[in-house]
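K.L.:
One structure, pasted below without further comment.
The values are calculated or read from the model by the stated rules, or taken from the named source; none is laboratory data. Fair warning: this is a prediction, and the values are worked out from it, not measured in the lab. All Cβ positions, even for glycine, are placed from backbone atoms using ideal geometry, and neighbour counts span all protein chains on display.
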Amino acid sequence: MPSHIFNNPYSFASGLGAKGYITSQLSAGLLKLGSVSLRYTSLAKHYQPLIGALVAKRKSVEPGNILKIDTLNEEWRDKDSVMLHACFQLLSDCVKKEELLSGHTDWDADDKHRAAKKELEALYAWWQCYEEDDIPCSEEKYQEENQMLIRLIHIRWALWT
């Protein structure tokens, strides 16, 4: 495959994408490994399903560095609001998806863990009942949100599963 395909960020703009480019090259019976060009005819049909399966597998794995914030839509938001929603989405994901409160952590190990579990439950319950005011919100509401964020940051050590 030509190296310029991967060096140029706009090279997939034609709609082929990596899978389409590779598949079209295999269908044509062409494969370039380094500086060696290979031509074949019968192997092309055998590699297409493999490449399709690899691309499908790559798309099915959810990356760990992407945070889907369920409480926000596609509309523009000020970053202070996004920060609130992102932090509590992380808490929600830990509680729901990773079973933070019922998983592997021994919450009865000591006073620190018992207090952390109680605080996590309180913060999670607050977020589940949270209703957003019209933007901008009142000063009291903004201060309450800040206090909840601060409380969450103080126990972030407990957000591992």
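K.L.:
Could you count how many residues in segment 120-155 are in a loop (DSSP other than H, G, I, E, B) and not charged (D, E, K, R)?
P.N.:
Going through segment 120-155 one residue at a time, the tally reaches 6.
Residues checked against (1) closer than 15 Å to residue 146 by Cα; (2) modelled with pLDDT of 95 or more; (3) outside the structural domain of residue 150 (by TED's automatic domain parsing):
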| site | (1), (2), (3) |
| --- | --- |
| 85 | yes, yes, no |
| 88 | yes, yes, no |
| 100 | no, no, no |
| 118 | no, yes, no |
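K.L.:
Shifting gears a bit: Can you tell me which condition residue 109 does not meet? The list is (1) of a type in the set (Gly, Ala, Ser); (2) assigned to a loop (DSSP other than H, G, I, E, B); (3) under 24 Å from residue 64 (Cα atoms), and all the others hold.
P.N.:
The single condition residue 109 does not satisfy is (3).
K.L.:
In addition: Going by the structure shown, is residue 147 polar (S, T, N, Q) and over 16 Å from the mean Cα position of the chain (by Cα)?
P.N.:
Here the answer is yes, as residue 147 does meet what is asked.
K.L.:
Can you say whether residue 145 is in contact with a Cys (Cβ under 8 Å, 6 or more places away or on another chain), surrounded by 14 or more Cβ atoms within 10 Å (Cβ to Cβ) and either assigned by TED's automatic domain parsing to the domain that holds residue 86 or at pLDDT 95 or above (or both), as far as the supplied structure shows?
P.N.:
Judged against the criteria, residue 145 is a match.
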